[in-house]
Structures are given as structure tokens and as C-alpha cells.
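These notes concern the structure reproduced below.
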Amino acid sequence: MSVFGRGLTRTRRSFFGRIVDLLAGSDVDEDTWDDIEALLIQADLGLTVTGKVLDTLRAGRWRNSDELLAGLRSTLLGLLSAPPPMDLSGRPLSVVLVVGVNGTGKTTSIARLAHRMKLAGREVILAAGDTFRAAAIEQLQTWGERIDVPVVAGQSGADPASVVFDATRAAQARGKDVLIIDTAGRLHTNANLMNELRRIRSVSAKVVPDAPHEVLLVLDGTTGQNALQQARTFQEMVDVSGVIVTKLDSSAKGGMVFAVYAELGLPVHYVGLGEGLSHLLPFSPEIFVNSLLDEN
């Protein structure tokens, strides 16, 4: 079984696998449609996306449940699209701003992303822009030592925009080609803290034209539809360009990935499916949908 398949075992067995079992060798009647609707909503697709899926399926002519299952697979796949390559076109430096609320796995995702980029031959440097928590600075520095990537940090409580300015200058001076900026986890409902993200964004642009080249939002896959509201607010405030979904291997229901794509048009670049450095995986719609519906 693939890493995707193993990582999505709980989601598959809890919700999508129950749809597969529901359709196995049975006739499709009105009760079947009601059960499918309930399971899709429980899997966190949300009312809007669930409605679209059911409308598409009901419009088809299915001779048996196997054909309906194939229709469900293609319908779910049609809600997604392969993410474009991340924009690392900045010369000589590309800036990636990473945002999200506390507890999403943001700092760990940054380390994993930096590790992937380093393995791909990039010269990476990290900025510890989460100055509100001393532990956040220490956590990023510990990760930096582990993956052998330098970290620019200030004192706890320092102005985050100043740290970002210093880190951007340091990246240029050291000949790095990618700067990844950690930011303080913040509730999407806190306007003052959200406005600070705009300051960080503008400071990086003063040093590197067109920066940041990517603004990645880290979403906790276990938070379901609340993650969708977070994504809406961050998108409005800092023009999010893509998403990393974490913790899909735990109690995540998985359906929020479809909602993020279908309702906000935000590509999912990576998903977290484990605790190791290598468990941040590039998102593939085909592998994702097949792993949700197939036991093997």
C-alpha cells in the first residue's frame, strides 16, 4: 500500500469506505442517496460541495452500483486539479511566506518543506518570524540544526517585520535562493494580528521585488469546515496562493480538501501524512481520490 493509502486509512474506513461498502452489490434507491449524502457531509465536504456531487451523480444513468461508484470517483476527481509548480522564480531570491493558526503544524511543515527543497538542490534559509513565542523560535532553530538549514532569528517579542527584513537581507548576502518565513500563529478572527501579516508581506517586497512569491496557508485537516473559514479569511488578508494540509493521517475526515478546491480555488501543494521529515508529500488528486476509495 502507498504512503497515501496508509496515511488515509482512518478516513477511508470511517467515511469513504462506508460509501464503497454501501454500494457493494446493492440496488440504488432513495435511501442509498440519503446515505451517500450523510456520509459525504460527515466527511467534511460541506453542504455546498456535497450538493454538487449529488447533483452530478443523480444526473447520470447508472446501470448498477459499480457504475455509480465509478461515477463517484470521477466526480470527486473532477472537484480537484493538480497544483501548479510553486513559484520559485524570484531572482536571485524567492520568498515563501507561511501562515496559519496555532496548532496546525506550521513550523514542522516549514522544516519539511525546506528539507524537500534542499534535497532538490535549493539553497534555503529560514526566518523565525514567530516572535510572540520563544518556544516557536527555538523549535525552528532546532529543526534548522536537524536539517542543516540556517535560521535567522531575533529575540522573543521582537518586531516580526524587522526579523523578516534582516532575514531577507541575510539571504541575499549569503547567496541563498529560497527564503521561507515562519509567522506567528494567529486566529483568523483577530484583525490586528492579521494586519501584521500584511506588514510582513510588504517588508519582504521592499527588499525583493514581487515578494512573497508564494503565500502558503497551513490547515489542520482535523478541523474540517472550520479550516475552510480560516482559508477564506487568510485569502482575503494576505492573498494566499496555496495550501498545505496537515494531519490527514490522524482523525482527519479528508473532505475539506475538496471544499478548499471547489469553494476557494486554492491548490493544495502538499499534505502531511505522518511524523517523519519525508511525510510531507506532493498532492496528487488521482492518488488522493483512489486512496480514499480503495482499500488496496
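The residue list Gly17, Val208, Met117 was ranked by how far each Cα lies along the charge dipole of the chain toward its positive end, using unit charges on Cβ atoms, and Val208 comes out on top.
Of the labelled figures [x] 20.7, 82; [y] 20.6, 67; [z] 18.5, 56, only one reflects Rg and Dmax of the Cα atoms in Å as derived from the coordinates, namely [y]. Between the listed residues Leu248, Thr233, Gly265, the Cα displaced farthest toward the positive end of the dipole of the stretch 219-277, a dipole computed from Cβ unit charges relative to the Cα centre, is found at Leu248.
Think of each Lys and Arg Cβ as +1 and each Asp and Glu Cβ as -1; about the Cα centre, that makes the dipole of the stretch 44-180 roughly 360 debye.
For Glu30, the accessible surface of its heavy atoms amounts to roughly 100 Å² (probe 1.4 Å, protein chains only, rounded to the nearest 10).
Separation of the stretch 55-102 and the stretch 246-287 by C-alpha centroid, Å? A separation of 10 Å, based on Cα centres.
Modelled spin labels at Ala70 and Asp29, positioned 7 Å past Cα toward Cβ, are 2.5 nm from each other. Only Lys, Arg, Asp and Glu carry charge here, each on its Cβ (+1 for the first two, -1 for the last two); on that basis the chain has a dipole of about 1000 debye about its Cα centre. A quarter of the convex hull surface defined by the alpha-carbon atoms of the stretch 162-296 gives 9.4 nm² as the mean projection. A Förster radius of 30 Å combined with the Cβ-Cβ distance from Ala82 to Gln172 puts the calculated FRET efficiency at roughly 0.40. For the chain, the 222 nm mean residue ellipticity estimated from helices alone, with every DSSP H stretch of n ≥ 4 adding -39500 (n - 2.57) and the total spread over all residues, rounds to -14500 deg cm²/dmol. Around the Cα centre of the stretch 131-284, unit charges on the Cβ atoms of Lys, Arg, Asp and Glu (plus for the first two, minus for the last two) sum to a dipole of about 220 debye. Looking at the chain, the DSSP beta bridges with both ends there are about 10 percent antiparallel.
The values are calculated or read from the model by the stated rules, or taken from the named source; none is laboratory data. Note that the coordinates shown come from a computational prediction; the quantities given were computed from them, not determined experimentally. No Cβ is skipped: glycine too gets one built from the backbone with ideal geometry, and neighbour counts run over all protein chains shown. To get the accessible areas, we keep the full protein, side chains included, count just its heavy atoms, and leave off ligands, DNA and RNA. Shrake-Rupley method; radii C 1.70, N 1.55, O 1.52, S 1.80 Å.
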